[in-house]
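All remarks here apply to the structure that follows.
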Amino acid sequence: MIVTGIIYTSFTSGGDNAVLFLTSGIEKAFELILTLAPIMCFWSGIMRIAEECGITNIISKLLSPLTTLLFGKEYKNTAAVKKISMNMSANMLGMGNAATPLGLDAMQELDRINPNPSVASNIMCMFIIINTASIQLIPTSVIALRAQYGSVAPSSIVLPTLITTLCAFTVGTASAKIMQRTSRHE
């Protein structure tokens with residue numbers, strides 16, 4: 001698609017416009033990276049400090065009723081659920097980029113305890129749904145982007161984002177639970 005677009009632009013608008021569009025896009029992408037990278041580094045560092053100080057255990061205990069409901073009692077005190085709790089915490093604070101490494105660690109841990117490694121387990125599927133829906137209490141990254149690009153009220157999206165992510169979380173987890181129950185009966 002990119003090659004087709006470049007060829008089309010070269011013939012219809014001239015090569016100069018193609019180069020102008022290309023360099024303009026690269027410049028905007030670089031600006032975006034400069035906006036998001038410090039936020040990601042900051043929150044990744046905070047999450048690492050939290051892990052080293054044992055705050056992850058506190059967060060895991062606070063989220064324990066929710067994770068027990070979603071994943072079952074048998075996973076309650078596992079390393080996987082602790083990593084999932086940290087991922088959920090990072091997502092709740094709108095730090096999707098910082099949550100990604102935590103999510104990858106959690107998925108590796110889930111794969112390690114998966115009895116059938118060739119098929120995703122129910123807990124793995126539930127985690128993917130939770131991570132995708134990612135309830136956002138404070139959408140930090142989006143607020144930073146809106147501020148960067150001149151929004152008059154960058155934080156005005158907090159309530160709509162919370163409502164939307166809660167709905168996505170509820171529908172996603174309910175659907176997963178229904179699918180888990182129907183697959184057990186087959």
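Worth a mention:
- Annotation note: of Ile163, Ile113, Ile135, Ile123, the sole residue that is β-branched (Val, Ile, Thr) and closer than 23 Å to Ser44 by Cα is Ile135.
- Looking only at the stretch 73-106, and only at residues there that are polar (S, T, N, Q) and not in a helix (DSSP H, G or I), the one that is surrounded by the most Cβ atoms within 10 Å (Cβ to Cβ): Thr78
- Selection within the stretch 129-162 - surrounded by fewer than 16 Cβ atoms within 10 Å (Cβ to Cβ) and closer than 24 Å to Leu70 by Cβ: Thr132, Leu137, Ile138
- For the stretch 21-55, the candidate set comprises residues that are under 17 Å from the mean Cα position of the chain (by Cα) and aromatic (Phe, Trp, Tyr); within that set, the residue that is farthest from Ile84 (Cα to Cα) is Phe42.
- Matching entry among Thr78, Thr67 (being free of Cβ contacts under 8 Å to residues at least 40 places away in the same chain and either within 17 Å of Ala90 (Cβ to Cβ) or among the aliphatic types (A, V, I, L, M) (or both)): Thr67
- Search result, residues across the stretch 153-168 that are among the small types (Gly, Ala, Ser) and more than 17 Å from the chain's Cα centre (by Cα): Ala153, Ser155, Ser156
- Any pair with Cβ under 7 angstrom, 6 or more apart, that starts in the stretch 152-167 at a residue that is touching a residue at least 24 places away in the same chain (Cβ under 8 Å) and closer than 16 Å to Met95 by Cα and ends at one that is part of a loop (DSSP other than H, G, I, E, B) and hydrophobic (A, V, I, L, M, F, W, C): Leu162/Leu137; Thr165/Ile135
The numbers here are math on the coordinates, done by the rules we state, and not lab data. Please read these numbers as outputs of a predicted model, since none were measured by experiment. Positions of Cβ are backbone-derived with ideal geometry, glycine not excepted, and every protein chain shown enters the neighbour counts.
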